[in-house]
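Okay, structure first, notes after.
The values are calculated or read from the model by the stated rules, or taken from the named source; none is laboratory data. Quick caveat: nothing in here was measured; it's all calculated off a predicted structure. Methodologically, a virtual Cβ is constructed for each residue, glycine included, from the backbone with ideal geometry; neighbour enumeration extends over all protein chains shown.
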Amino acid sequence: MKAQTLPARDAAPPAHPVGQRTPLIDGLDKVSGRARYTADLPFPGAWVGRIGRSLIAHGLIRSIDTAAARALPGVRAVITGADFAAPYGVIPIAQNEWPLARGKVRYRGEPLFAVAADDEAAAEAALAAVRVDIEPLPAHFDCDSARAPGAVLLHDDKAGNLERSVEHDFGDVEAGFARADRVVERRFHCAELAHAQLELNASVAQWDVGQQRLTVHSVTQVPYYLHLTLAQTLGLDTSAVRVVKPFVGGGFGHRVEPLNFEMVTAALARAAGGTVRLELTREETFLTHRARPDSDIRLRIGVTAAGEITAVDAEVVQRGGAYAGYGLVTILYAGALLHALYRVGAVRYRGWRVYTNLPPCGAMRGHGAVNVRFAFESVLDELAGELGLDPFALRRANLITPPYRTLNDLQVNSCGLPQCLDAVERASGWRERRGRLPQRPGARRGLGMACSHYVSGSAKPVHWSGEPHAVVALKLDFDGSITILSGAADIGQGSSTLLAQVVAEVLLLPMSRIRVVAADSALTPKDNGSYSSRVSFMVGNAALRAGQALREVLVEAAARSLGCRAGAVEWLGERCTSTGGERSLDFAQVVRAALADSGTLTVKGSWSTPPETQGGKFRGAAVGSTAGFSYSAQVVEVEVDDETGAVRVLQCWTAHDCGRALNPLAVEGQVQGAVWMGLGQALTEETHYHEGLPLRANFLDYRVGTAVESPPVDVTLVESLDPLGPFGAKEASEGGLHSVPPALAAAVHDAVGVRLRELPITPDRLLQALVERQREQRRSARRPPPTPAAAPGATPATGRPA
Amino acid sequence: MTTHLLTLTVNGRERTLAARDGLTLLELLRDALMLTGTKQGCDGGECGACTVLIDGEPHLACLTLAARLDGRAVETIESLAGPSGVSALQRAFHERLGTQCGFCTPGMVMAAEALLRREPHPSEARIREALSGNLCRCTGYVKIVESVQAAAEDRA
């Protein structure tokens, strides 16, 4: 092939999609109804799977008699816990759950047995025909009861029903409090939440009888962990398992661990010898749970008169539910990210993760750090008031400057929090408007602010295999198209789009040349999955390196054709030239030259977190460690009806330090979604059980807000380029959530003068607080006037918890 | 169990089907006609993901008995795109990120379509009200409302 003096036709200019507002590459499939989610996949003749669940919260399984069910017409399989080879759990050191209960049941609604049948009616008949004999045990539905002396244990090896106790001490806490001019100690309570992703849980499992192999399509965020867990629980070699992730209708953490129904579907398919489709109801999807735990927090913070945080002392108790799941990580996150947002003098943290007879909690957007942030920022807001400092000034007195090592050995390489603070202070008109908002009875307005941060992926993976954190492969073939092969699970956050942008940017090629094949274990490289906001940072970095590897191969091929050194090739994407531009090739010519030597080209890129980002050496130090922290500042404006306790959010202003915004459109969408989810936790969302029976396992009683309640969310992106992030990028999906509940609570205080320390701030809770304040005011009006030392609202340094 | 023969129009095509007692429109669309664009997100009437148009009006397919639809016209998300591509409303949802995970999107788009046919230039409050039966967990509704507003402006 000869190099031409000029390309045959005008080549497109070099493409630079990074930083461009880029619609999702699969967006047209979604808006047109073509996108296939698990329940949409056509599997003609698939049998219908159903799960039978425990009606008893805690008990010994004496027997499960399936004979009558098996004898019914149209029944293909009936399975119990005895059909599994091993227990599971996403954390390798905490695997105490069976896909179907064995020996004991530990919560109402726990899967006990399952059936596969020709149709739904036959499946329902089979469920009804199974006879279960369970000997009830005393059950514990709250932490106090579970931790009481002599409490019956859920798990024999877990004394005191404690899954994990954490004791972390950094610096001299007592000296820190002694140095403080003000100390405030408060107690907080945050209700348990649900992820409430719109897509119902569903799996389709195909058992190939001839090959003895399993293929599972499922709603997972973590196809690799699911793959490992399917092999483990079914006793299969990992090579006999294939996991495919179709379109997934949201996750928010619900699907970041392998879930019981996925393994049940697989075991049914094997037992029946064919294909089984299992779709859960909304009630069952709520029961699968794994969301943010009910948390009790006691927090004491000391500050100097100038606002410097001298000491932090916190206790957190999380009601974990019946099984381990991510529980030990959640209780460690609560401690690790409690204080690492600021420069603090000393920290004492005590955390307890408690087993209870309720559906298991797990990871949810902002994992582990949201409830402690509510407490921490709320105490700061109160301290700012006591010190006569503006809440912004108190935060600014404690900012960290990167590079920075936090007290608990977390590495911070970039921090745009100062710019975030400036942005929301300006955008909200804080200085001009705070204290001067229009007020009338029934419509009290207030402004509140808070800060937050979050990890861009956990620096140590759940399974420490020694492999890179992320691998991305590229295929370039005769047609001049590039296929990105990635195991990363796009669950709507836009990860596939981001990978295409990164590769296109490196190669300077238009996105139209690029396709993404994601999350099919038979085709794509292993990826740890979409959790802890790791994908942009880690998989983005792997895609960047894969693109560079391909570009290197192409430049060398072009150099050979152009008759020059590789260093003399100017790469322009759709064309390239030798230095000076006298000879050039178009992309098709370069591809032909490159393939002439090797045939179809495949290259890969990988990325791992540097050791200095992986945290300290103490027990539990890995949790919280990350290669890049995002930062966020938030202002919320509310209008409170002081006659009904109803809170209306008028507007949110949020600034998010996401490093380089690879796709500003998607980042904005993620931040707005995070803010809205934070408002849900702040205002309406709360599970409720009666003796272990879930009372809100539907969208009418578990209140997710609608378009009528959602406020405008003004987003400023702060781009503090991170030295390790791909093009400087960091996470964008989670860190904007944590600051919302405390900013809202501060706004309510600004509006009506009462502090709510319990989430959600429902009208009944707020009204109760207003009524109590009124009573207190009446009582104090009857009492003799207070001494100056005990002015109302102030907490003395030796103050007892409220 | 009895079945009824039923003739209705789905996305402009006349269909004659056997419908058993209790069959919902959602089951008819997804299982019999393989029109899986219409989604099920709850146990009945809670989420709006199955919103379709019946004679031009928005309805929840999960709460609509198929047997009541003899002689009527049903439109689903699959009907909006034409030979030249997706509709202006769908394009607005795509370009302005009115869709993230996409699961609520078909129902959301059909609810918005019904609104814009009735009221080509609705206020923001009307848009929010018209979409209030459709839950979205991803977007905070900000970009959904923007998408519908943009589509309304395009129709001007």
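So that you can scan it fast, the table gives a plain yes or no per residue for (1) surrounded by fewer than 17 Cβ atoms within 10 Å (Cβ to Cβ); (2) touching a His at 6+ places or on another chain (Cβ under 6 Å); (3) without any contact (Cβ under 8 Å) to a residue 12 or more places away in the chain:
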{"site": "A:G547", "(1), (2), (3)": "no, no, no"}
{"site": "A:V555", "(1), (2), (3)": "no, no, no"}
{"site": "A:A558", "(1), (2), (3)": "no, no, no"}
{"site": "A:L562", "(1), (2), (3)": "no, no, no"}
{"site": "A:R565", "(1), (2), (3)": "yes, no, yes"}
{"site": "A:V569", "(1), (2), (3)": "no, no, no"}
{"site": "A:E574", "(1), (2), (3)": "no, no, no"}
{"site": "A:E582", "(1), (2), (3)": "yes, no, no"}
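I'd like to verify a number: residues in region A:698-722 that are in contact with a strand residue (DSSP E or B) (Cβ under 8 Å, 6 or more places away or on another chain) and more than 9 Å from every other protein chain (Cβ to nearest Cβ), how many?
Residues that pass the stated criteria total 8.
Which one is nearest to the other protein chains (Cβ to nearest Cβ) among residues in region A:479-494 that are in contact with a strand residue (DSSP E or B) (Cβ under 7 Å, 6 or more places away or on another chain) and among the polar types (S, T, N, Q)?
Going through the qualifying residues, I end up with A:S486.
Being assigned to a loop (DSSP other than H, G, I, E, B) and either among the polar types (S, T, N, Q) or under 34 Å from the mean Cα position of the chain (by Cα) (or both) is the filter here; which residues of region A:101-120 pass it?
A:A101, A:R102, A:G103, A:R106, A:Y107, A:R108, A:G109, A:E110, listed by residue number.
Residues being of a type in the set (D, E, K, R) and at pLDDT 95 or above: count how many of those fall in region A:590-611.
2
So which residues in region A:734-784 are among the charged types (D, E, K, R) and assigned to a helix (DSSP H, G or I), if there are any at all?
Across region A:734-784, the qualifying residues are A:D750, A:D764, A:R765, A:E772, A:R773, A:R775, A:E776, A:R778, A:R779, A:R782.
Listed here are the residues, each with its yes/no results for (1) surrounded by fewer than 24 Cβ atoms within 10 Å (Cβ to Cβ); (2) assigned to a loop (DSSP other than H, G, I, E, B).
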| site | (1), (2) |
| --- | --- |
| A:K604 | yes, no |
| A:E612 | yes, no |
| A:G616 | yes, yes |
| A:A621 | yes, yes |
| A:T626 | no, yes |
| A:Q634 | no, no |
| A:V638 | no, no |
| A:G645 | yes, yes |
| A:Q651 | yes, no |
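Search region A:495-526 for residues being part of a loop (DSSP other than H, G, I, E, B) and touching a Lys or Arg at 6+ places or on another chain (Cβ under 8 Å), and hand back the single one that is nearest to the other protein chains (Cβ to nearest Cβ).
Filtering region A:495-526 for residues that are part of a loop (DSSP other than H, G, I, E, B) and touching a Lys or Arg at 6+ places or on another chain (Cβ under 8 Å), the one nearest to the other protein chains (Cβ to nearest Cβ) comes out as A:A519.
List every residue pair whose Cβ atoms sit under 6 Å apart, with the two residues 6 or more apart in sequence or on different chains, where the first one lies in region A:325-350 and is of a type in the set (V, I, T) and the second, anywhere, is buried (at least 24 other Cβ atoms within 10 Å of the Cβ) and assigned to a helix (DSSP H, G or I).
Listed by first residue and then by second, the contacts come to A:V347/A:H339.
Kindly list the number of the only condition in (1) modelled with pLDDT under 95; (2) away from chain A (no Cβ under 14 Å) that fails for B:G56.
Here B:G56 clears every test but (1).
Checking A:A82 against (1) farther than 29 Å from B:L28 by Cα; (2) surrounded by 15 or more Cβ atoms within 10 Å (Cβ to Cβ), which test does it fail?
(2)
Can B:T38 be described as within 14 Å of chain A (Cβ to nearest Cβ) and either closer than 26 Å to A:G27 by Cβ or not in a loop (DSSP other than H, G, I, E, B) (or both)?
Considered against the rule, which asks whether it is within 14 Å of chain A (Cβ to nearest Cβ) and either closer than 26 Å to A:G27 by Cβ or not in a loop (DSSP other than H, G, I, E, B) (or both), B:T38 comes out as yes.
I need a count of the residues in region B:16-44 that are of a type outside the set (S, T, Y) and either closer than 20 Å to A:G33 by Cα or touching a Gly at 6+ places or on another chain (Cβ under 8 Å) (or both).
Number of matching residues: 16.
May I ask you to verify whether A:G645 is closer than 23 Å to A:K730 by Cβ and touching a helix residue (DSSP H, G or I) at 6+ places or on another chain (Cβ under 8 Å)?
For A:G645, the condition - closer than 23 Å to A:K730 by Cβ and touching a helix residue (DSSP H, G or I) at 6+ places or on another chain (Cβ under 8 Å) - is not met.
Determine, yes or no, whether A:S530 is outside any loop (DSSP other than H, G, I, E, B), within 14 Å of chain B (Cβ to nearest Cβ) and within 28 Å of the chain's Cα centre (by Cα).
Judged against the criteria, A:S530 is not a match.
If I filter region A:367-415 down to residues being of a type in the set (A, V, I, L, M, F, W, C), touching a Cys at 6+ places or on another chain (Cβ under 8 Å) and part of a loop (DSSP other than H, G, I, E, B), which single residue comes out as surrounded by the most Cβ atoms within 10 Å (Cβ to Cβ)?
The residue in question is A:I400.
Which condition number in (1) within 7 Å of chain A (Cβ to nearest Cβ); (2) buried (at least 21 other Cβ atoms within 10 Å of the Cβ); (3) under 16 Å from the mean Cα position of the chain (by Cα) is the one that B:G140 fails?
(3)
Within region A:93-100, does at least one residue satisfy the condition of being at pLDDT below 95 and within 25 Å of the chain's Cα centre (by Cα)?
Scanning region A:93-100, I find at least one residue that is at pLDDT below 95 and within 25 Å of the chain's Cα centre (by Cα), so the answer is yes.
Residue by residue through region A:157-168, note down the ones that are surrounded by 14 or more Cβ atoms within 10 Å (Cβ to Cβ) and in a strand (DSSP E or B).
Selection gives A:L162, A:E163, A:R164, A:V166, A:H168.
Residues are listed down the side, and each one gets a yes or a no for (1) over 16 Å from the mean Cα position of the chain (by Cα); (2) at the interface with another protein chain (Cβ under 9 Å from one of its Cβ atoms); (3) not basic (K, R):
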| site | (1), (2), (3) |
| --- | --- |
| B:T64 | no, no, yes |
| B:A73 | no, no, yes |
| B:P83 | yes, no, yes |
| B:E95 | yes, yes, yes |
| B:P106 | no, yes, yes |
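Run down A:A139, A:A123 and say which single residue is of a type outside the set (S, T, N, Q), assigned to a helix (DSSP H, G or I), over 28 Å from the mean Cα position of the chain (by Cα) and surrounded by 17 or more Cβ atoms within 10 Å (Cβ to Cβ).
Exactly one of A:A139, A:A123 is of a type outside the set (S, T, N, Q), assigned to a helix (DSSP H, G or I), over 28 Å from the mean Cα position of the chain (by Cα) and surrounded by 17 or more Cβ atoms within 10 Å (Cβ to Cβ), namely A:A123.
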